[in-house]
Amino acid sequence: MTSKKNLTSIAKHYPKKHFVAASAVASFLLTLAILPTSEKVSASRTQVDLTLPMSDITQDDETTHESIHPIDSDRVISSTVEAAPTVPAKNIPKKSGIEFTKQYTVKNGDTLALIFQKADLSSRDVYHVAKVYDDATRLHPGEQVSFAYNADGSFKAFKHQKTKLVSNIIKKVSDDYQVEEVVREPSIEYRFAQGTIHSSLFLDAKEAGLDQTSIMNFANIFGWDIDFVQDLRQGDNFSLMYEELFLDGESIGTGDIVAAEFVNQGTKFQAIRHVDEFGRTHYYTPEGKSMRKAFLRSPIDFARISSHFNLSRKHPVLNKIRAHKGTDYAAGRGTPIRTAGDGKVVFAGWKGGFGRCVIVQHGQGIQTLYAHMSKFNKKTKKGARVSQGQVIGYVGSSGLASGPHLHYEFRVNGVHKNPVKVKLPEARPIEKKYRKEFLADANKWLAILESNQRSVLVASVD
Ligand SMILES: [Zn+2]
């Protein structure tokens with residue numbers, strides 16, 4: 001199937017979305033968004049400065065797709081690939097129907113009473129608002145507040161814009177003051193970026209226009225397969241589609257990576273995002289296998305291996321041949337130790353030469369052991385459930401140890417394996433109920449990714 005065909009079918013499938021075929025996409029990293037400003041609502045009663053449009057919380061419909069994307073589709077940049085996101089609508093802003101006619105930017109030294117006074121409201125209003133809304137007394141300079149009035153000029157509602165996406169509205173209903181949180185959904189546009197490794201992922205991805213957060217996210221997605229320090233080679237290359245978030249036509253930053261590819265020493269790794277019904281984001285291969293593994297390769301960050309798995313090693317303290325059935329990581333005393341996978345603590349205590357030791361039982365007959373700790377995490381008790389990456393204790397030299405280090409063992413059905421080399425089981429694949437939808441989504445995104453790779457290639461040849 002050609003990608004163009006695929007794109008056309010996607011466009012048909014989502015007729016409401018602007019969709020631009022591959023050829024138009026080539027220049028899209030060069031194109032800057034110029035979006036019309038939204039209409040300003042004139043403020044009639046104001047004596048404080050009105051700097052922002054007031055129309056931002058009045059949505060016309062709370063059930064349609066459009067209400068999640070307050071920017072109307074005409075404003076979508078024509079060179080942007082706008083594919084229908086499969087993201088569930090998390091917080092559809094409710095129709096408040098309140099028109100805020102006065103807005104004020106909180107300044108240093110402002111008090112709620114002072115702001116209400118400037119807005120022609122009484123201290124009685126201040127009292128009632130502060131009584132139901134704790135944050136009213138914790139306004140920060142630079143934050144926006146706004147007011148709505150009844151026809152007779154009396155208090156109708158107060159809005160505190162906490163972040164670009166979150167605001168709280170305190171409204172008077174009969175004699176009652178109610179607090180309502182309004183979370184806006186930004187509109188999403190999709191961006192493409194690609195690059196070749198010359199020095200490091202960080203520098204080359206930055207060169208390709210990615211911000212620091214996106215680079216970290218990218219490294220995390222592939223971090224289970226690729227060691228971006230050890231494994232990187234010149235000529236490796238990367239490409240990705242990611243979200244840029246807009247509110248009222250203004251970019252408010254980048255969102256998730258939706259599709260990504262890294263070619264490392266000739267091997268291609270691809271990842272596609274999936275958001276489940278609870279809004280949790282995971283990355284899978286195009287076939288639906290998890291990008292993460294069920295186990296961390298190493299239970300400790302930034303540590304040096306001081307002694308490898310070796311069945312005929314001379315023991316440094318006992319000075320005689322004794323199998324070393326694990327890996328030693330030299331690290332400073334107190335360095336946190338993480339459990340390599342989800343599981344249950346089956347031992348936490350003193351265990352002879354191992355000193356303070358924790359054993360975690362995982363699924364599939366796998367146990368991991370962590371020895372010589374200086375102390376345990378408070379929650380590390382026999383029977384406790386632990387999740388991957390959770391700190392279970394701290395590096396020390398308890399038991400038979402020549403210096404502070406972690407002795408780490410990986411056992412499968414009671415047999416010791418080399419923790420550095422053992423083939424780690426994969427985390428669970430995409431859930432069955434999402435599978436069909438995910439595979440279709442993955443195909444779509446890979447087609448978009450590939451057509452962008454080609455377009456940029458063609459553009460650079462021209
Ligand atoms: Zn050891």
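The values are calculated or read from the model by the stated rules, or taken from the named source; none is laboratory data. Keep in mind that what you see is a predicted model, and the values were worked out from it rather than measured. With ideal geometry, Cβ positions are generated from the backbone for all residues, glycine too; neighbour counts draw on all protein chains shown. To get the accessible areas, we keep the full protein, side chains included, count just its heavy atoms, and leave off ligands, DNA and RNA. Shrake-Rupley method; radii C 1.70, N 1.55, O 1.52, S 1.80 Å.
Annotations for the structure displayed:
- Protein heavy-atom accessible surface, 1.4 Å probe, per residue over segment 125-216: 47 Å².
- The orientation-averaged shadow of the Cα convex hull for segment 304-417, equal to a quarter of the hull surface, comes to 6.3 nm².
- For K268, the shell of other residues with beta-carbons less than 12 Å away shows a net charge of -4, using +1 for Lys and Arg and -1 for Asp and Glu.
- Solvent-accessible area of F202, all protein chains in place: 80 Å² (probe radius 1.4 Å, heavy atoms, ligands and nucleic acids excluded).
- Across the cross-link table entries K351/K417; K351/K378; K382/K432; K314/K375, which are compared at the Cα atoms, the separations over 22 Å belong to K382/K432; K314/K375.
- When nucleic acids and ligands are ignored and a 1.4 Å probe is applied, K171 ends up with an accessible area of around 50 Å².
- Using the average count of surrounding beta-carbon atoms within 10 Å as a protection proxy, the listed peptides 252-258, 316-322 rank, highest first, as 252-258, 316-322.
- Here segment 304-417 exposes an accessible surface that is 50 percent carbon and sulfur, computed with a 1.4 Å probe and the other protein chains kept in place.
- Proximal charge balance of G195 [Cβ under 11 Å; K/R count +1, D/E count -1]: -2
- Across segment 164-172, rounded Karplus estimates of 3J(HN,Hα) from the backbone phi angles (6.51 cos²θ - 1.76 cosθ + 1.60, θ = phi - 60°) give 4, 9, 10, 9, 10, 10, 10, 10, 9 Hz, Gly and Pro being marked x.
- Probe 1.4 Å, accessible area per residue of segment 304-417, Å²: 49 Å²
- Backbone HN-Hα couplings from phi across segment 179-185 [Karplus 6.51/-1.76/1.60, Hz, Gly and Pro as x]: 9, 9, 8, 10, 10, 8, 9
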